[in-house]
Amino acid sequence: MPSDLIIRAMRAPADYAAVADLLTRCGDTVTAEDLAGQDAAMPPHGALSTDDEGRVVGHDRVRYVCPGDGGLVGYAVAWRAPWTPAGVVDGDRCRPDWLFLALHDEAPHDEAPHDERVVGVCQLRATDDPHTACNDYTAVARSWRGHGIARALKLHAAGQAARSGIQHLRTEVEASNGPMLAVNDRLGYRRGRGHHRMVRTCGRDAG
Ligand SMILES: CC(C)(COP(=O)(O)OP(=O)(O)OC[C@H]1O[C@@H](n2cnc3c(N)ncnc32)[C@H](O)[C@@H]1OP(=O)(O)O)[C@@H](O)C(=O)NCCC(=O)NCCS
């Protein structure tokens with residue numbers, strides 16, 4: 001990401017028009033009024049917890065924007081409404097089937113909103129095979145790395161998946177990503193075969 005770009009929390013209603021413009025440029029026809037209407041349907045304050053089966057319940061929403069020249073260049077949202085089924089977190093264009101968060105409990109945690117306490121995330125996605133899920137992304141905040149958080153998140157995710165009938169987990173990782181490879185190796189992932197990334201230089205300097 002260019003160093004002059006910043007990501008900040010979305011401000012409502014000030015950012016409605018810019019977010020609507022970005023979403024419309026990306027192919028969805030959305031107006032500032034649509035966004036205001038969606039917000040009005042949600043309780044103003046988030047309240048998340050987990051049920052007896054460890055599934056996320058309650059409601060909340062986190063939204064971030066990335067301002068650039070001439071408007072927003074990025075928008076990210078993840079939300080649960082009071083009527084969203086247990087265990088589901090939704091986002092525009094992204095619907096993880098399982099999402100696990102590691103939250104820190106450092107003071108003043110009681111007052112801190114959930115999105116300020118997140119130090120790690122691990123996502124699983126269901127596939128067409130009911131017994132196979134994909135772990136597309138696991139990440140831990142820089143200052144919290146090296147304390148076993150990724151390992152704990154992935155172990156927890158695997159346990160939850162197994163309880164949902166998943167027998168195989170797949171994941172992909174860059175060959176240069178030592179920490180992620182180490183975590184996967186220790187958790188017993190075996191290296192598969194059959195996937196090559198092929199790159200060709202195009203343009204005038206290409207051979
Ligand atoms: C990969 C990532 C999630 C690991 O998180 P973490 O909480 O620090 O991981 P853990 O503490 O559970 O384990 C890290 C392991 O990597 C090892 N490690 C750390 N740096 C390493 C390196 N440069 N090379 C090899 N192994 C390394 C640690 O020793 C540890 O292994 P061990 O438990 O056997 O000692 C974190 O580095 C991250 O968020 N990276 C950016 C996002 C990313 O690349 N995600 C993966 C793509 S899906």
Go through (1) under 24 Å from residue 152 (Cα atoms); (2) modelled with pLDDT under 90 and name the single condition residue 102 misses. (2)
Which of the residues spanning the stretch 172-185 are near the ligand (Cβ under 7 Å from one of its atoms) and under 22 Å from residue 98 (Cα atoms)? 173, 180, 181, 183
Looking at the stretch 186-207, which of its residues are within 16 Å of the ligand (Cβ to nearest atom) and modelled with pLDDT of 90 or more? 186, 187, 188, 189, 191
Can you name every residue in the stretch 137-152 that is surrounded by fewer than 18 Cβ atoms within 10 Å (Cβ to Cβ), of a type outside the set (A, V, I, L, M) and near the ligand (Cβ under 7 Å from one of its atoms)? 137, 144, 145, 146, 147, 148, 151
Residue 100 fails exactly one of (1) loosely packed, with under 11 Cβ neighbours inside 10 Å; (2) in the same structural domain as residue 147 (by TED's automatic domain parsing), namely (1)
Single condition residue 155 does not satisfy, out of (1) within 9 Å of the ligand (Cβ to nearest atom); (2) within 19 Å of the chain's Cα centre (by Cα); (3) modelled with pLDDT of 95 or more: (1)
Residue in the stretch 48-59 that is touching a Gly at 6+ places or on another chain (Cβ under 7 Å) and among the β-branched types (Val, Ile, Thr) present: yes
From 171, 127, which residue is under 19 Å from the mean Cα position of the chain (by Cα) and modelled with pLDDT under 90? 127
Which of the residues spanning the stretch 19-62 are small (Gly, Ala, Ser), in a loop (DSSP other than H, G, I, E, B) and out of contact with any helix residue (DSSP H, G or I) (no Cβ under 9 Å at 6 or more places or on another chain)? 27, 41
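The values are calculated or read from the model by the stated rules, or taken from the named source; none is laboratory data. Not measured: the values here are computed from a predicted model. Backbone-built Cβ (ideal geometry, glycine too); neighbour counts: all protein chains shown.
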